[in-house]
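Trainee: Here's a structure for you.
The values are calculated or read from the model by the stated rules, or taken from the named source; none is laboratory data. Being a predicted model, the structure only gives us computed values, none of them experimental. Every residue, glycine among them, receives a Cβ derived from its backbone with ideal geometry; neighbour counts consider all protein chains shown. Remember, those area values only see protein heavy atoms, side chains included, never the ligands or the DNA or RNA. Shrake-Rupley method; radii C 1.70, N 1.55, O 1.52, S 1.80 Å.
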Amino acid sequence: MLPFSSSSLLLLFHRCRFYKNNRCLISKRNRQILVDGSSLSLSSVLPSVRIPTTTTTTTTCSSLRNTMVGTVRCCVDQPLSHQDRQQQQQPQQQRRYYSYTFSKTTTAMMMTSFDTNESFHDDTSRWKIAIVGSGPSGCYTAKYLQQAIQNMETNNHNVEAASSSSSTTTTTPTTKKIRQQEESYCQIDVLERLPTAYGLVRNGVAPDHPEVKNVQNDFDELFSSRSDGTTVRFFGNVQVGRDVSLDELRSIYDIVVLAFGCESDRTLNVPGNNYQHILTARQFVNWYNGHPEFDWVGPIVQQALNENNVSPKNIVVIGHGNVALDCARILAKTRDELVETDLTTRALEVLHPTDNNTVHRNISIVGRRGHVQGAFTIKEVRELTKLPNANFVVLQDELDAGSSTEASQQELKTSKPKQRIDALLRDNATTNENKETNSHNVHPDMTTTVHLRFLLNPIRFEPRPSEKDVLGAVVCERTQLQGGTGKQSAVGTGEHVVLPADLCLVSIGYKGIPIAGTEDYYDDQKGILKNDHGVVDNDSTTTGLAPLYVSGWLKRGPSGIIGTNITDAKDTVASIMKELQQQQQQQQQQKNHKSASSSSTTLMQLLDGRGVKVIDWESYLRINATETNPNRLRSPQQPREKLTERKDLLQAAAKK
Amino acid sequence: MISSLSRNLVQRHLKFHQVRIQSKRSAPLLPTPHHSETILNINSNSNNVMTTKRWHGGPHVEKDAKTVRLSFIQPDETIREVDARVGESFLQVAHRNDIDLEGACEGVCACSTCHLIFPVEVFDQLPEPSEDEEDMLDMAFGLTETSRLGCQVIVTPEMDGLTVEMPKATRNFYVDGHVPKPH
Ligand SMILES: Cc1cc2nc3c(=O)[nH]c(=O)nc-3n(C[C@H](O)[C@H](O)[C@H](O)COP(=O)(O)OP(=O)(O)OC[C@H]3O[C@@H](n4cnc5c(N)ncnc54)[C@H](O)[C@@H]3O)c2cc1C
Ligand SMILES: NC(=O)c1ccc[n+]([C@@H]2O[C@H](COP(=O)([O-])OP(=O)(O)OC[C@H]3O[C@@H](n4cnc5c(N)ncnc54)[C@H](OP(=O)(O)O)[C@@H]3O)[C@@H](O)[C@H]2O)c1
Ligand code: FES
């Protein structure tokens with residue numbers, strides 16, 4: 001349904017007096033005007049592009065009261081005045097962009113107008129694309145989509161230019177440039193449920209790895225600059241599935257890409273996993289990184305680590321991925337080593353409350369398989385071996401047992417990275433668990449020790465003798481490896497090893513969960529959305545809804561570094577471009593505009609109507625400025641002090 | 001007169017689209033003239049955006065440094081031949097020439113997205129990679145025997161005529177069910 005009838009549109013044009021006698025170049029193809037995001041073909045509305053110059057009366061205006069609400073944006077090529085023309089000595093046109101907002105009051109219909117200064121921002125875009133999630137995969141998808149669409153439009157333009165080169169229209173370089181820019185217009189909106197951008201770059205990557213977060217600068221550029229013909233906008237604080245439904249998105253946009261990552265955990269199904277003081281690594285990491293929904297973790301860690309002043313505290317981290325190593329390192333480092341990072345003060349005070357570095361901790365990182373099968377990478381292992389204020393212990397026996405199978409030997413032989421990890425660990429190995437001082441890494445005056453343990457499968461949790469619902473120990477079964485090369489699994493030997501534990505972090509992987517509207521596509525086993533090269537559902541013939549794509553951890557599961565999302569995003573973008581090219585061909589055949597923008601609402605209007613406080617890019621920058629304000633920082637080197645509560649984030653985002 | 005309601009609407013609109021209201025009272029229906037310089041400005045801005053790249057970590061090399069010719073085989077197999085300044089890192093060369101080599105960590109050896117593959121005879125001549133670089137390379141996607149990180153290798157005069165290769169991601173990457181483990 002179009003909000004404007006053809007007659008009201010005509011009236012509208014009459015009202016727009018600037019318009020008289022000028023050729024109207026509304027929207028791209030000289031045929032369309034966009035009213036509130038919906039396109040009308042001008043040729044059907046206005047038989048001739050020349051508009052009669054009647055002025056409307058108040059009566060006709062008030063008769064429009066019920067229909068004319070919304071925004072009209074148009075672009076008009078106006079001939080220069082006679083004088084100007086003489087100065088320039090040739091007939092020229094000047095293009096202007098206008099935006100008209102119509103609103104109703106009780107007494108009269110109001111119409112306000114202004115120069116938009118910039119050309120069409122959203123409604124008139126040829127392509128409107130929504131990306132759900134602003135983590136690396138969402139951002140890389142936006143980045144490569146932008147590039148690919150620009151390339152496609154440039155090619156189209158070249159083809160058009162070649163075919164119309166015989167036409168007699170005179171265009172100056174300036175108008176040509178503008179036209180080019182306008183022709184390829186594409187709007188990419190990135191929706192993020194948090195007020196802040198970048199997903200796990202902010203809420204995952206360890207505070208003591210600031211270099212990794214440099215990628216944010218690249219992503220910042222996406223949102224803050226306008227490159228030829230496309231804009232990427234940030235819609236923070238918008239939760240898809242709650243604030244806006246997926247179907248709504250699919251009717252507002254031409255393409256919807258889901259990149260909302262993995263917001264749950266793989267579960268360790270062993271008895272006792274509901275005891276207090278057991279957390280998943282995701283909860284722990286989100287908390288220390290200041291995720292506004294994980295405030296509740298603090299008191300648990302506080303209790304587990306600082307209760308009764310009893311030393312040493314035993315911490316067991318289950319899993320051998322890099323996340324497990326991150327957690328262990330943050331627990332093992334001293335206050336001094338962390339004070340200049342962006343670790344939130346709320347977490348620092350719990351993890352390392354005192355200045356003196358005499359915190360006494362035994363941190364055991366246990367994995368069910370051997371070191372050759374470890375999911376960690378050498379950089380993170382090496383960091384543990386080099387901690388200046390903590391011992392690092394790895395047992396020679398466990399290394400030998402892990403590499404003794406033929407399959408492990410084969411795995412080592414074919415992988416240089418594995419060989420290097422093997423060498424590093426052997427270099428740091430201790431021959432006997434009780435004689436830790438054998439290792440050159442073990443210094444008696446260091447009170448914290450990190451133990452990297454292998455071939456131990458956690459089989460149950462045990463409570464404290466005194467408190468029946470609080471964790472006391474992790475019971476593991478010694479395992480041995482069985483199976484072919486690359487497929488070895490851990491098989492129990494019956495021998496039990498009891499690891500006392502005040503705190504346990506289960507770090508066996510994140511897991512994707514569906515948001516409302518994606519249940520049908522969800523693969524519960526893998527925790528991903530079923531897809532073929534990122535295509536989740538591109539059959540819009542039955543539903544009439546925009547095709548659905550997926551990218552990132554939600555597409556392939558919770559593994560891979562930031563860079564892995566590049567190849568992944570490119571793969572999804574290739575699939576999207578196939579679709580866009582198809583849509584474009586159809587449009588050209590039918591000579592009409594795309595389906596999605598026949599919807600009359602924009603996302604912004606919809607969210608506004610629901611009272612959702614959208615954090616746009618400018619607001620995000622205000623949050624950023626608050627967090628990096630020197631007055632907030634513990635030391636001048638601290639990159640930022642994150643705001644950890646939603647209300648503070650929203651307050652910082654608000655214009656002062 | 002504009003009612004407060006519509007002003008709100010406009011302001012919201014303004015905030016959102018970062019546009020300027022030009023005439024509130026006098027003639028709400030008449031758009032105020034746009035100066036052509038503004039249009040030109042918009043344009044030159046957006047052009048800047050296309051070409052200005054962030055500074056990437058790496059040595060600072062003067063514009064008039066001696067140059068050598070380098071070729072990059074891009075993932076789609078096309079070859080880009082460019083002038084490289086002696087003393088620059090390969091990542092800097094790529095970025096200055098708009099070659100689509102990522103450098104997510106901005107050249108500080110923390111992401112491996114600047115991975116390049118060298119011909120074996122050149123690889124053997126390069127200064128040994130640091131431990132940090134080797135550790136990072138182990139995470140690189142499509143690692144080969146002669147892989148290096150583009151941000152860590154510096155252009156020398158002897159490299160004139162050298163061709164390096166950017167790793168390819170084939171579409172089969174996912175079809176094969178090959179999910180790089182752990183990366
Ligand atoms: C603890 C940890 C440390 C890591 N450290 C490193 C490292 O040092 N180096 C490295 O290269 N890689 C690291 N990684 C891996 C890297 O972070 C991931 O590869 C990457 O973040 C995955 O990107 P993604 O966009 O798929 O998911 P995410 O980064 O999780 O992004 C998903 C986004 O979607 C948003 N979202 C969720 N639901 C909704 C909704 N309903 N509506 C709107 N938005 C929604 C989320 O808030 C989030 O911002 C680490 C991962 C973890 C878990
Ligand atoms: N610095 C960095 O570059 C960095 C930092 C953090 C994270 N990341 C990346 O982020 C991704 C996710 O990391 P992650 O550590 O969460 O996951 P991960 O790398 O997949 O590791 C998961 C670990 O959990 C173990 N595990 C799984 N299920 C288990 C079970 N039921 N019982 C016992 N152990 C179980 C796995 O052992 P099995 O092998 O035996 O299954 C494995 O050791 C990884 O790709 C990682 O490299 C990178
Ligand atoms: S740019 Fe990150 S490792 Fe080279």
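Trainee: Counting other Cβ atoms within 10 Å, keep those with at most 13, restrict to DSSP loop, and tell me which trypsin sites (Lys or Arg not before Pro) in the range A:198-307 are left.
Mentor: Values: sites: A:Arg202, A:Lys213, A:Arg226, A:Arg233, A:Arg242, A:Arg250, A:Arg266, A:Arg282; in loops: A:Arg226, A:Arg242, A:Arg266.
Listed in order of number, the matching sites are A:Arg242.
Trainee: Also, quick follow-up: Looking at the range A:514-559, which trypsin sites (Lys or Arg not before Pro) are DSSP coil and have at most 14 other C-beta atoms within 10 Å of their C-beta?
Mentor: A:Lys526, A:Lys530
Trainee: Over 23 Å between C-alpha atoms is what I'm after, so list which of A:Lys418/A:Lys487; A:Lys416/A:Lys570; A:Lys333/A:Lys379; A:Lys143/A:Lys578; A:Lys143/A:Lys418; A:Lys530/A:Lys570 land there. Walk me through the intermediate numbers first.
Mentor: Details: A:Lys418/A:Lys487 15 Å; A:Lys416/A:Lys570 28 Å; A:Lys333/A:Lys379 16 Å; A:Lys143/A:Lys578 17 Å; A:Lys143/A:Lys418 34 Å; A:Lys530/A:Lys570 18 Å.
Correct reply: A:Lys416/A:Lys570; A:Lys143/A:Lys418.
Trainee: Whenever you get a sec, line up A:Tyr288, A:Tyr521 from highest to lowest accessible area (probe 1.4 Å, protein heavy atoms). Show your work: numbers first, answer last.
Mentor: Working: A:Tyr288 0, A:Tyr521 45 Å².
These residues rank, largest area first, as A:Tyr521, A:Tyr288.
Trainee: Only counting protein heavy atoms at a 1.4 Å probe, give the residues of the range B:138-170, ordered by number, whose accessible area falls by 10 Å² or more when the other protein chains are present relative to the chain alone.
Mentor: Residues meeting the cut-off: B:Asp138, B:Met139, B:Phe141, B:Leu143, B:Glu145, B:Ala169.
Trainee: If you don't mind, another one. Enter the buried accessible area of the A/B pair, total of both sides, probe 1.4 Å, in Å² rounded to the nearest 100. The partial results should precede the final answer.
Mentor: Values: alone 29620 and 12870 Å², together 36010 Å².
For chain A against chain B, roughly 6500 Å² becomes buried.
Trainee: I've got another one for you. Given 25 °C and 0.890 mPa s, compute D for the range B:67-173 with the Stokes-Einstein relation, Rh being the Kirkwood radius over Cα pairs; round to the nearest whole µm²/s.
Mentor: Details: Rh = 13.7 Å.
Rounded to a whole number, D works out at 179 µm²/s.
Trainee: May I pose another question? Taking 37 °C and 0.692 mPa s as the conditions, I'd like the Stokes-Einstein D for the range A:223-309 in µm²/s, using the Kirkwood hydrodynamic radius from alpha carbon pairs. Don't skip to the end; give the middle numbers.
Mentor: Details: Rh = 17.1 Å.
Answer, rounded: 191 µm²/s.
Trainee: Please list A:Lys143, A:Lys570 from largest to smallest accessible area, probe radius 1.4 Å, with all protein chains kept in place. Walk me through the numbers on the way to the answer.
Mentor: On the way: A:Lys143 35, A:Lys570 75 Å².
Descending order: A:Lys570, A:Lys143.
Trainee: Same structure again: Using Stokes-Einstein with the Kirkwood hydrodynamic radius over Cα pairs, what translational diffusion coefficient do you get for the range A:617-656 at 10 °C and a viscosity of 1.306 mPa s, in µm²/s rounded to a whole number?
Mentor: On the way: Rh = 10.2 Å.
It diffuses with D of about 155 µm²/s by this estimate.
Trainee: To continue, here is another question. Can you put A:Trp617, A:Trp127, A:Trp296 in order of accessible area, largest first, using a 1.4 Å probe? The partial results should precede the final answer.
Mentor: On the way: A:Trp617 30, A:Trp127 0, A:Trp296 115 Å².
Heavy-atom accessible area, descending, gives A:Trp296, A:Trp617, A:Trp127.
Trainee: Using only C-alpha positions, report the orientation-averaged shadow area of the convex hull of the range A:197-271, nm², one decimal.
Mentor: On the way: hull surface 33.4 nm².
Dividing the Cα hull surface by four gives the mean projection, 8.3 nm².
Trainee: Can you return the aspartates and glutamates within cross-link range of B:Lys63? Criterion is Cα-Cα under 16 Å, with same-chain partners fewer than 8 residues away left out.
Mentor: B:Asp83, B:Glu88
Trainee: To continue, here is another question. Calculate how large, on average over all directions, the projected area of the Cα convex hull of the range A:458-524 is; give the answer in nm² to one decimal. Spell out each step's value before the answer.
Mentor: Details: hull surface 31.1 nm².
Mean shadow area of the hull around the Cα atoms is 7.8 nm².
Trainee: Let me ask something additional. Where Rh denotes the Kirkwood radius from the mean inverse Cα pair distance, what is Rg over Rh for the range A:328-407? Can you show the working numbers first?
Mentor: Values: Rg = 15.6 Å, Rh = 14.7 Å.
Radius of gyration relative to Kirkwood radius: 1.06.
Trainee: Based only on the alpha carbon positions, what is the Kirkwood hydrodynamic radius of the range A:268-508, in angstrom? Show your work: numbers first, answer last.
Mentor: Details: mean 1/r = 0.0547 Å⁻¹.
Hydrodynamic radius (Kirkwood, Cα pairs) of the range A:268-508 is 18.3 Å.
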